[in-house]
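Working notes, beginning with the structure itself.
The values are calculated or read from the model by the stated rules, or taken from the named source; none is laboratory data. Quantities reported herein were computed from a predicted structural model and do not represent experimental measurements. Cβ sites come from the backbone with ideal geometry, for glycine too, and all protein chains shown count toward neighbours.
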Amino acid sequence: MGFKTWLAAIKAWLMGGTAEAATGLPRPVTGERPMGRVPVGGAVRSPVPVAPAFAAPAPAPSGSARARIHAAFDTGMPVESRAGLAGRSEELNRLVEAVIENGKHGIVFGARGSGKTSLSRVFGDLADEKGAVVLYNLASGDLSFSELYRPYLTELATIPGGGLRRGDIASLLDAPFDARALASILAERVRRPVILVLDEFDRVESAATKSEVAALMKLLTDMRATTRVVTVGIAANVEDLIQGHPSLRRHMVSVPVGGIGAESLKDLFVRCCTQAGLTVEDGAASEVASAAYGSPYHLRLFGLNCALAAEKAGVSRIDREIVRIGFGKAFADWRMLSATTADLLVRCAQLPTGHRFVIALIAYAAAMRTRVDQAEITALAIGDGSLDPAVVQAAFDMLRPILRPSAIDGQYLFDDALAPQFYLLLHSGRIDPQPADQGLRSDLRAFLEQGGPMA
Ligand SMILES: Nc1ncnc2c1ncn2[C@@H]1O[C@H](COP(=O)(O)OP(=O)(O)O)[C@@H](O)[C@H]1O
Ligand SMILES: [Mg+2]
């Protein structure tokens, strides 16, 4: 289904149809294609451990039902195995074909929590099976080009048959180096396929460092090196990651990590429930899967809250009532951490119908494919004459404090990747927002009822 078609379907739903219309999520999972011709026998190493995308929940006492639930729905750890990766065959095939078979570099991008690190980890395993040496590193804001790439060199020098000896790289260990020096040494010395995965590339602040990474990709190709670079980062579009280097497009494949189909998310939810020792009603599972709007992170977060609600209620089956409690708890927890964003969304959900509808369209676009394109949303919203362009503009103005502009004019992404799905739940009445201070008030009431400060 094209983006316009599902936006049209969602429009019908947002304007008062049924929730089922919203489950027409894109991209059915296709079958596996045969991959790879590279000899077997590589190694996967991490110069630094990969950090979880989000803070992991506080661990419950091990062995308890709660600990089992937290382990099953863990939102803090990327998927490590192919079997655990839901609905990403197409993206995996695209990466394998372009990087391993056609020798291109790769750029993987999408929202926080969309599953970029998981995808690149599983890709790394596949590349490893096909004989490539795969090395990971995490970028951070203040690292220079040499600091970003030095760990790969030292790691490569420890791998038997990696092609690099410590003596070869001695000059690069103590002094800064540029893309040309790095590409030259890799092209001259390394004869086996090597893939350098650089995660969290969006954190790199220095334009000079970004530029050197772009130069590295081009030089490695020009020098016929066997090393390829796969960069991974949060972005609305590929331009956000390769700003100012359009010529790179020829040397690389871009892999957008968007929404996963609702059926794959439902399977994932049922799998997590089983692992947690719970069962789930079919309708309840569909509801959680559709509320995640394509995001495996939201699926796990909502699922975790539903499972904990079941445990608290002393039941082992998740039904729609438990799901309602779970959504409410997930929202309340998020609201405590992100009060400004959550309160803004609550106000948005109370706007007149036209404004609410446009904001829901914006949230839906962001949930399913990270970016929000103002021209596209405007065209869709005013297309059949039902809405005034001023309403669309007012909706964008309302969201301005929580939208981040992309490198492409008129495109945005949400600062907080949790926001779009929470808005859609508020919009459809599946979360009933209590006043922001309600929790505090009821805590205070309970405290006073128990004797308060005089006790
Ligand atoms: N395809 C997937 N199938 C199942 N779970 C996934 C998938 N992709 C991501 N997840 C889960 O979602 C959460 C966020 O994934 P992660 O790869 O860290 O996202 P990102 O790197 O885009 O921020 C993790 O809990 C991870 O286990
Ligand atoms: Mg990540």
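Worth a mention:
- Selection of the range 242-273 for residues being of a type in the set (A, V, I, L, M) and under 19 Å from Asp178 (Cα atoms) yields Ile242, Leu248.
- Criterion: free of Cβ contacts under 8 Å to residues at least 60 places away in the same chain and not assigned by TED's automatic domain parsing to the domain that holds Leu119 - qualifying residue of Gly314, Gly277, Gly294: Gly314
- Among the conditions (1) assigned to a loop (DSSP other than H, G, I, E, B); (2) crowded, with 16+ Cβ neighbours inside 10 Å, Arg191 misses just one, which is (2).
- Test: Glu321 is out of contact with any strand residue (DSSP E or B) (no Cβ under 6 Å at 6 or more places or on another chain) and free of Cβ contacts under 8 Å to residues at least 60 places away in the same chain: yes
- Filter result (under 23 Å from Arg82 (Cβ atoms) and in contact with a Gly (Cβ under 7 Å, 6 or more places away or on another chain)) within the range 231-264: Val253, Val255, Pro256, Val257, Gly258, Gly259, Ile260, Gly261, Ser264
- Residues (within 19 Å of Lys210 (Cα to Cα) and small (Gly, Ala, Ser)) located in the range 227-281: Gly233, Ala235, Ala236, Gly244, Ser247, Ser254
- Residues satisfying the stated conditions in the range 151-188, i.e. surrounded by 14 or more Cβ atoms within 10 Å (Cβ to Cβ) and not in a helix (DSSP H, G or I): Ile159, Gly162, Gly163, Leu164, Phe177, Asp178
- Ala71 vs. criteria under 30 Å from Lys312 (Cβ atoms), touching a residue at least 24 places away in the same chain (Cβ under 8 Å) and either more than 19 Å from the chain's Cα centre (by Cα) or more than 16 Å from ligand 2 (Cβ to nearest atom) (or both): yes
- Residues of the range 90-140 that are in contact with a helix residue (DSSP H, G or I) (Cβ under 7 Å, 6 or more places away or on another chain), more than 16 Å from ligand 1 (Cβ to nearest atom) and part of a loop (DSSP other than H, G, I, E, B): Lys104, Lys130, Ala132.
- Of all residues in the range 245-277, those being within 30 Å of Asp222 (Cβ to Cβ) and within 16 Å of ligand 2 (Cβ to nearest atom) number 3.
- Of the residues making up the range 216-253, those that are part of a strand (DSSP E or B) and either within 14 Å of Phe201 (Cα to Cα) or β-branched (Val, Ile, Thr) (or both) are Thr227, Val229, Val230, Thr231, Val232, Gly233, Ile234, Val253.
- Identity of the residue in the range 83-98, buried (at least 19 other Cβ atoms within 10 Å of the Cβ) and of a type in the set (Gly, Ala, Ser), that ends up farthest from ligand 2 (Cβ to nearest atom): Ala98
- Entry remark, the range 285-318: residues being within 17 Å of Gln421 (Cβ to Cβ) and in contact with a strand residue (DSSP E or B) (Cβ under 9 Å, 6 or more places away or on another chain) number 4 in total.
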